[in-house]
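Working notes, structure below.
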Amino acid sequence: MGANELEIAAEVHALVDGLLPVALPNASFDRAASRVVLPFGPTTLRASTWDLLERCAAAPRERWPGLVDTWLRETADLAAMAVAEIELLGDVRRLLRVRVVPAMDGDRRRELVWHPVGPHFDALVMVAHPTYGAPLSWHRARLLQLGRLGRAVRYTLERELADVVVYDRPLRSGHDVRVVTKPGSPYVTLLLTELRRYVPPALPCGALVGAPRYDTLLVHPVTSRAAVEALPALAAEVAALHAAADDPCSPEVFWWRGGDPEALDLRRGRRDLKRALKGAGMWRPPRRRG
């Protein structure tokens with residue numbers, strides 16, 4: 001903080017100290033941490049004053065007492081809402097899950113807690129509750145003081161995806177595709193970030209991947225010219241499953257090469273796969289008959 005910011009903080013925090021016994025009689029002010037501490041039975045909530053300091057910095061001094069009073073009452077209302085949610089949901093942290101969805105638009109991204117998974121998907125944090133479950137909004141996350149949201153990935157893998165079914169089945173082209181599924185689960189697409197589990201190790205050309213439904217992935221390792229031959233059939237299968245799904249995800253085929261999935265242009269895809277296989281020394285011309 002600069003000298004002016006420190007002066008503003010000192011004056012505003014003095015107002016918080018003075019008005020706190022009126023607006024929030026049971027609360028205390030932790031000046032060193034710049035936050036109001038609100039005990040509610042076994043639950044303790046903490047509200048940072050940074051937002052209040054920004055409001056006051058943008059307003060004339062004569063308005064500061066009113067801004068502080070308004071902020072304290074807003075904080076009391078939010079705390080009451082948070083306690084109600086905690087009583088309703090229990091330990092919300094244990095309900096956090098991650099659902100990988102097609103990349104969202106700007107409005108949704110501003111509202112919700114998410115993280116990009118390459119250019120085509122977003123990892124969306126969910127509150128998994130049979131009645132009150134929903135995508136986690138930034139407002140709800142702040143209200144419930146949810147931090148370290150990375151544990152949501154671990155909870156999803158351990159509690160939702162430990163029993164996925166993996167099997168191979170033929171495509172119409174005659175080539176096999178690996179199916180990774182848990183019928184009815186909205187979380188299987190998270191395994192787009194764990195594809196090394198289903199692809200042979202040290203595979204330089206990666207795999208073709210489809211996520212037609214949230215409960216199903218299709219994976220075809222790129223190990224030979226068979227991937228080039230299988231691509232049209234795989235694309236048709238992904239499109240058909242997507243069109244028939246109650247929970248459709250993406251109709252596209254993606255190429256995974258150890259990083260984030262890349263959308264595969266089907267017109268150029270076969271050429272690009274052939275070039276990659278040749279570069280890796282994995283391309284073999286077809287056998288001549290006779």
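The values are calculated or read from the model by the stated rules, or taken from the named source; none is laboratory data. Note that this is a predicted model, so its numbers are computed, not measured. Counting neighbours? That spans all protein chains shown, and the Cβs are built from the backbone with ideal geometry, glycine included. Remember, those area values only see protein heavy atoms, side chains included, never the ligands or the DNA or RNA. Shrake-Rupley method; radii C 1.70, N 1.55, O 1.52, S 1.80 Å.
Among residues that are touching a helix residue (DSSP H, G or I) at 6+ places or on another chain (Cβ under 8 Å), in a loop (DSSP other than H, G, I, E, B) and open to solvent by 50 Å² or more (accessible area, probe 1.4 Å), PRO201 is not included.
Looking across the stretch 111-134, the residues that are open to solvent by 30 Å² or more (accessible area, probe 1.4 Å) and free of Cβ contacts under 8 Å to residues at least 24 places away in the same chain come down to TRP114, HIS115, PRO116, PRO130, THR131, ALA134. None of VAL37, VAL100 is at negative phi and buried (at least 18 other Cβ atoms within 10 Å of the Cβ) except VAL100. If only one of ARG257, ARG213 is touching a Leu at 6+ places or on another chain (Cβ under 8 Å), closer than 30 Å to ARG97 by Cα and open to solvent by 50 Å² or more (accessible area, probe 1.4 Å), which one is it? After applying the criteria, what remains is ARG213. Among the residues of the stretch 52-65, those identified as closer than 12 Å to VAL12 by Cβ and either open to solvent by less than 70 Å² (accessible area, probe 1.4 Å) or touching a residue at least 60 places away in the same chain (Cβ under 8 Å) (or both) are LEU52, LEU53, CYS56, ALA57, ALA59, TRP64, PRO65.
Looking only at the stretch 66-79, which residues are touching a strand residue (DSSP E or B) at 6+ places or on another chain (Cβ under 9 Å) and open to solvent by less than 50 Å² (accessible area, probe 1.4 Å)? Passing the criteria: TRP71, LEU72, THR75, ALA76, ALA79.
Restricted to the stretch 1-74, the set of strands (runs of 3 or more DSSP E) holding at least 2 residues that are under 34 Å from the mean Cα position of the chain (by Cα) and among the hydrophobic types (A, V, I, L, M, F, W, C) comprises 35-40, 43-48. Out of LEU112, LEU149, LEU143, one residue alone is farther than 25 Å from ALA235 by Cβ, outside the structural domain of SER48 (by the TED database) and at pLDDT 90 or above. It is LEU112. Candidates GLU85, GLU111: the one that is in contact with a Pro (Cβ under 9 Å, 6 or more places away or on another chain) and closer than 30 Å to ARG159 by Cβ is GLU111. Screening LEU241 on (1) open to solvent by 10 Å² or more (accessible area, probe 1.4 Å); (2) more than 23 Å from the chain's Cα centre (by Cα); (3) at pLDDT below 95 shows it passes everything except condition (3).
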